[in-house]
1. When only residues in the stretch A:46-77 that are of a type in the set (K, R) and more than 7 Å from chain B (Cβ to nearest Cβ) count, which is surrounded by the fewest Cβ atoms within 10 Å (Cβ to Cβ)?
2. In this structure, does A:T268 turn out to be in contact with a Ser or Thr (Cβ under 6 Å, 6 or more places away or on another chain) and polar (S, T, N, Q)?
3. Does at least one position in the stretch A:201-214 carry a residue that is under 19 Å from A:P275 (Cα atoms), within 21 Å of the chain's Cα centre (by Cα) and not small (G, A, S)?
4. Looking at (1) over 30 Å from A:T72 (Cα atoms); (2) modelled with pLDDT of 60 or more; (3) more than 9 Å from chain A (Cβ to nearest Cβ), which one does B:F77 not meet, given that it meets all the others?
5. Restricting attention to the stretch B:63-94, report how many residues are in a strand (DSSP E or B), free of Cβ contacts under 8 Å to residues at least 60 places away in the same chain and out of contact with any Pro (no Cβ under 8 Å at 6 or more places or on another chain).
6. Looking only at the stretch A:32-45, filter to residues that are at the interface with chain B (Cβ under 7 Å from one of its Cβ atoms) and of a type outside the set (A, V, I, L, M, F, W, C); which one of those is surrounded by the most Cβ atoms within 10 Å (Cβ to Cβ)?
7. In the stretch A:61-111, what residues are closer than 20 Å to A:L184 by Cα and at pLDDT 90 or above?
8. How many residues, within the stretch A:227-249, are surrounded by fewer than 20 Cβ atoms within 10 Å (Cβ to Cβ) and in contact (Cβ under 8 Å) with a residue 60 or more places away in the chain?
Amino acid sequence: MEIEKSLPYGEGGAEAILNVQSNTSISIAYHQLFGPHDDLMLLELDEKLLPDILNQRVTLRGQPDEDAVLCTQSKTYAIKFVGTSNSVFLIPPSNLSIALGASPNSSEKDHDNAVVASVIKVVPGSMELVEVAPRLDKLKLLLSENPYSFDEVSQMNIELTHKNKGLYSWSDLVEKVQASDEELCTGLRALAAVEIDGYWRSLDENFVDEILNMLLHNAVLNDWLLSALNEDEVLPVLEADGFPREIVRHCLGVYGSKVVDETRGGCTWRLEERPVGVHFARVILRGKKMNLERFMEEWRKKVPEGMNGSFDVLEGEVLTEKIGIETRIYAFSVSSLPSVPAERFSKLFQEKPKWEWKELQPFVRDLKVPGLSSEGLLLKYTRRSQPSADAEPIFSAR
Amino acid sequence: MYATSFPAKANSHFPAITLGPILEIQVKCSCGEEKCPEWAILELQGVVEAQPSFKDRLQNLRIGTLCRLTSQENYTFTVGYHELTGTKVPLKKPMLVLKKIKLSTEEEKGDINSTKVELDVIGVIRQRILFKTRPKALISKPQSIEKEKVSADVSN
């Protein structure tokens, strides 16, 4: 009791409430600064996120017209405000009262001279976090505004190019795209973007086509192995044809993979069948539907020798349709589809009302919803039907 | 001096929050992981209402008395002639107290876009004292209870 009496008014605070001894009481009062205090907010979060927050690795991101998200280094969270009809009295610790601007010498005293804890505000609710997928569709959109093309390389007109719109630095992207730093990096890699003069760019498809054709052409001329392209040989040759070293090296990374070759110095790359095949298919099918056999013929001509031109590599990049006896093929890339599941399925069923699992799988396997399995996704967004027990299941819109 | 009223409303969910003209807000913590001070919450159903004459100047006004009963975490909260009983419960997830701080840039031109905002973590809440029950009147008139009983008996 003596301790309580020795404390002047206003020094009880949250500590007093959290440590009330048995069979004692404290006074609860409105703080001398009691008010709406809209600048004070409560955020509920998982214990595991506390270190991230307390070590200042967290930011809120969002444009004025977007709902804000909270980003840690690796994850993105939507912020929901949950209101309450209860009266929630918020009581700061005593030493913080002064930090909030209260004068320590309050003239009023509790009539019993008991410890007082003061309520700074009545809280209308709190913010909660819900893990969400990063909003990378916008990244795709931003980078498609001004792809890096051969014209830009050949003009070398810095003034003109830099005045162009649609150039985004890393910090521009962080501001505009609601994703954590790690998710943004992954997104840029998925779009095969490259940083040029401080701006993240996607490469123009025609430009890439020229680079790949030139690479394959020179491989034949110089007897290069497509499974072992030595950077030190390749880069100078293509540079002589007007293709910047950095861009060619970037393309080797996108369309190939590094191989460890101890017999030769420098970096060695192996061209990969899938990205190369997909690139040529896209170029052939640009904006049109084609007879499947004619396409295969043309495509196999383009795909370099040594790659067997298996149709499987085009999974998730093309669709076929039967019209009478003819099968036609057209470009339909999973990368052009929305990353929000509801929008993705809506687009898919708009394209084609009925899907077999084998067809559908490449177009949905990249969807990741925190807390939902891929079976759960299908249950939520599709209707599954099976005409007979041994038939393939068919998926349609719900 | 006070009365408590108890609307039977469920929690309402508001969809989202926007940042206004600000694009990115850094969440800071000036207190550090070890020293983040703990704040307290008293939560009760309904609304505590001051008498109309005090409504606009609540500052420093006494609300009531919080009393811990036994060695367990049981409490009473006496507001006017109402007594609430409740318990201290740990929160399932901790809550942070954030304070929005506007940092004006050095040359203030009244440009909204130049105002930087930071959120400072100034406290953490790990438990609350929750009063779930309706209040018990401390001053009761035995006769009126008697009457109610009688009328209830009659209706049966």
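1. To start, the set of residues in the stretch A:46-77 that are of a type in the set (K, R) comprises A:48, A:57, A:61, A:75.
Now restrict to residues that are more than 7 Å from chain B (Cβ to nearest Cβ): A:48, A:57, A:75.
Working: A:K48: 8, A:R57: 17, A:K75: 20.
Looking at the filtered set, the residue picked out is A:K48.
2. Details: in contact with a Ser or Thr (Cβ under 6 Å, 6 or more places away or on another chain): no; polar (S, T, N, Q): yes.
No, not satisfied.
3. yes
4. Here B:F77 clears every test but (3).
5. Number of matching residues: 17.
6. A:Q32
7. Matches in the stretch A:61-111: A:V69, A:L70, A:C71, A:T72, A:Q73, A:S74, A:K75, A:T76, A:Y77, A:A78, A:I79.
8. 3
The values are calculated or read from the model by the stated rules, or taken from the named source; none is laboratory data. Since we're looking at a predicted model, the values are computed, not measured. With ideal geometry, Cβ positions are generated from the backbone for all residues, glycine too; neighbour counts draw on all protein chains shown.
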